[in-house]
Structure formats: C-alpha cells, structure tokens
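Each remark here refers to the structure printed beneath this line.
The values are calculated or read from the model by the stated rules, or taken from the named source; none is laboratory data. The structure presented is a predicted model; accordingly, all values stated were derived computationally and were not measured. Using ideal geometry, Cβ is built from the backbone for each residue, glycine included, and neighbour counts are taken over all protein chains shown. Note: accessible area is taken over every heavy atom of the protein model, side chains too, but ligands, DNA and RNA are not part of it. Shrake-Rupley method; radii C 1.70, N 1.55, O 1.52, S 1.80 Å.
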Amino acid sequence: MNVYKLLNHPLEYIYKDLVKNGISVLDLGCLGFKHYKKAKELNIVSKQYGVDYADPSENVPDDFVFKTADLNKEGIPFDDDMFELVFAQHIIEHLVNPIEFVSEALRVCKPGGHVYIEAPSERALVLKGMSFNYDQFRSISFFDDPTHFFRPWTAQSFFRLAQYFSCIPVRVGYIQLRILNLFLPILLPILKLLKKDGLYEGVIWAAKGWSSYIIIKKPLEVKGKPRFNYFYPASRLKK
C-alpha cells in the first residue's frame, strides 16, 4: 500500500512531479537516508547529499555525499544555489532560530528549485503524551520530545514565512486522513493493548493532522540567500 498516496501526502507530489533524473537533492536531517532510498526505489538517478548532527560513519551509501553540522550553531555546509530540491522533514522544530534555518535552506536551493519543510502542527499541542513503550521514543504530544524548541507550525505560519522571503508557497497544509477519526475509539485501545507503538503513533498523526508542511519555490530571479521582509498585505493596510 502506498501510504503517501492514501494520505494525499505532499511527498507523493514531490516524488511524482519534482524528483527527476539528474537533479541534486539535499536532505537536512538525513539519518536513515529515507529520501535516498525512495529515489532508488523509483529508479531515479539523482545526486544525493545530506547533513545531520550525528555521524552515521560506515552506514553512508557510497554514492551519497554526507556532511556533519550542528545547525543550531552553523549554517548549511554547502554553496549557494546548489540544489534543485531541499528536504527539511521534522528538523525546524529542533532549532532555536527557525527563520534563519529556512533562509539557509533557501540559500542553498537553486533559483526555480523547491524546499520542502514538515513540522509538528499546532494540533500536536492538544494531544496527551505517549503512555506506553517509552523506550521507543514515540511522540504523540508536541512535548513528548524534550528537544522540541520554540513553537509548532500552522499552515498559515508556513505560508507567511515563504512570503516574507519573497518566495512562492506552492503547497501548504496538514498531512491528514480525517476518516481515521471515526475509528480511533476502537483502534487506539487495541493498538495499546498489543503494544503496537509505531502504528499507534502513525494512526494518531494521520487522524489529527499532527504535521503541517509547505513546499516553497525559490523564484528564478532570486539568487543566494533571500532577504527576510516582514510586512502586512497592502489590502489589509487599506482597511
């Protein structure tokens, strides 16, 4: 079963329409090499790069360029305008300066390229914490992960952030399969009884829209790091 398609996940759109042979892809927080493996599964020949805080040493694929960096203290260790596609999946919520991080992701993105960002949404604030199998480090509440900083992200906040950088919010929203909410009263007690922590977490995330996301396009005329410009829409100022 294609879970991405079932959820209408934005990654389904990315893998179908944006990931092409020959492009350069940067995965920020790449441990596990999920996007690299997905490209291989789809027989897409792309140039794959990644950055993470931890060093996976001998687990790095031979055709993958890996660099270690603490993104709370350093910029992204690649040149300007280098990648057609930049992934930042559940990274921004671990950083003390998320706006600077987004500016860095846009800096290394080529003009006309795309940046995908996914993070816990505001809906993660109202859920109770994980209540079993603590040793698996699952997150139901935003506060289950002690390394989460600052704030969750709404679709509106992602949209506005792209606009503040004079970039294009191609797609923005929540990753959700609403119909699952009908089955939660039955599913969750069963999954908890069976100690299926991974399914328990995944079902709640999908049902509640635990994650928000944005796909940002860097305009062709913008090179390097775009300038951040806080503003109100002109239509609002006229009122």
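Of all the numbered requirements in (1) of a type in the set (D, E, K, R); (2) within 26 Å of D144 (Cα to Cα); (3) in contact with a His (Cβ under 9 Å, 6 or more places away or on another chain), E84 misses one, and that requirement is (2). Among the residues of the range 191-233, the ones that are hydrophobic (A, V, I, L, M, F, W, C) and closer than 30 Å to K110 by Cβ come to 7 in all. Scanning the range 98-117 for residues that are touching a helix residue (DSSP H, G or I) at 6+ places or on another chain (Cβ under 8 Å) and not in a helix (DSSP H, G or I) turns up H114, V115, Y116, I117. The set of residues in the range 174-198 being in contact (Cβ under 8 Å) with a residue 60 or more places away in the chain and either within 16 Å of the chain's Cα centre (by Cα) or over 21 Å from I215 (Cβ atoms) (or both) consists of I175, Q176, K192, K195, D197, G198.
Please verify whether V170 is touching a residue at least 40 places away in the same chain (Cβ under 8 Å) and of a type in the set (V, I, T), treating the condition exactly as stated. Walk me through how you get there before you give the answer.
Working: touching a residue at least 40 places away in the same chain (Cβ under 8 Å): yes; of a type in the set (V, I, T): yes.
Against the criterion (touching a residue at least 40 places away in the same chain (Cβ under 8 Å) and of a type in the set (V, I, T)), V170 qualifies.
For every residue, the table says whether it meets (1) under 20 Å from L95 (Cβ atoms); (2) open to solvent by 80 Å² or more (accessible area, probe 1.4 Å).
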| site | (1), (2) |
| --- | --- |
| I117 | yes, no |
| W153 | yes, no |
| V170 | no, no |
| L180 | no, no |
| I186 | no, yes |
| G202 | no, no |
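Scanning the range 47-65 for residues that are among the hydrophobic types (A, V, I, L, M, F, W, C), open to solvent by less than 40 Å² (accessible area, probe 1.4 Å) and under 17 Å from V108 (Cβ atoms) yields V51, F64.
Scanning the range 50-83 for residues that are over 16 Å from the mean Cα position of the chain (by Cα), in a strand (DSSP E or B), modelled with pLDDT under 95 and not basic (K, R) returns F64, V65, F66, T68.
Each residue in the range 123-156 was checked for being touching a residue at least 12 places away in the same chain (Cβ under 8 Å), assigned to a helix (DSSP H, G or I) and among the polar types (S, T, N, Q), and 1 of them qualify. Considering the conditions (1) closer than 29 Å to Y15 by Cα; (2) in a loop (DSSP other than H, G, I, E, B); (3) modelled with pLDDT of 95 or more, K195 is excluded by exactly one of them, (1).
Please go through the range 204-239 and pick out each residue that is open to solvent by 20 Å² or more (accessible area, probe 1.4 Å), outside any helix (DSSP H, G or I) and of a type in the set (S, T, Y).
From the range 204-239, those open to solvent by 20 Å² or more (accessible area, probe 1.4 Å) are 205, 208, 213, 217, 220-223, 225, 227-239; that's our starting set.
From the residues that got through so far, the ones that are outside any helix (DSSP H, G or I) too are 213, 217, 220-223, 225, 227-233, 238-239.
Once the filter is applied, which keeps residues that are open to solvent by 20 Å² or more (accessible area, probe 1.4 Å), outside any helix (DSSP H, G or I) and of a type in the set (S, T, Y), the range 204-239 yields Y213, Y230, Y232.
Within the range 11-34, the set of residues being assigned to a helix (DSSP H, G or I), touching a strand residue (DSSP E or B) at 6+ places or on another chain (Cβ under 8 Å) and under 19 Å from K217 (Cα atoms) comprises L11, Y13, I14, L18. All but one of (1) more than 22 Å from K16 (Cβ to Cβ); (2) touching a Pro at 6+ places or on another chain (Cβ under 7 Å) hold for P226, so report the exception by its number. So P226 meets the others, but not (2). For V19, work out the one condition from (1) farther than 16 Å from I214 by Cα; (2) free of Cβ contacts under 8 Å to residues at least 40 places away in the same chain it doesn't fulfil. Here V19 meets the rest and fails (2). Scanning the range 66-77 for residues being surrounded by 19 or more Cβ atoms within 10 Å (Cβ to Cβ) and in contact with a Phe, Trp or Tyr (Cβ under 7 Å, 6 or more places away or on another chain) gives a total of 1. So how many residues does the range 32-81 have that are closer than 16 Å to G22 by Cβ and charged (D, E, K, R)? Going through the range 32-81 one residue at a time, the tally reaches 3.
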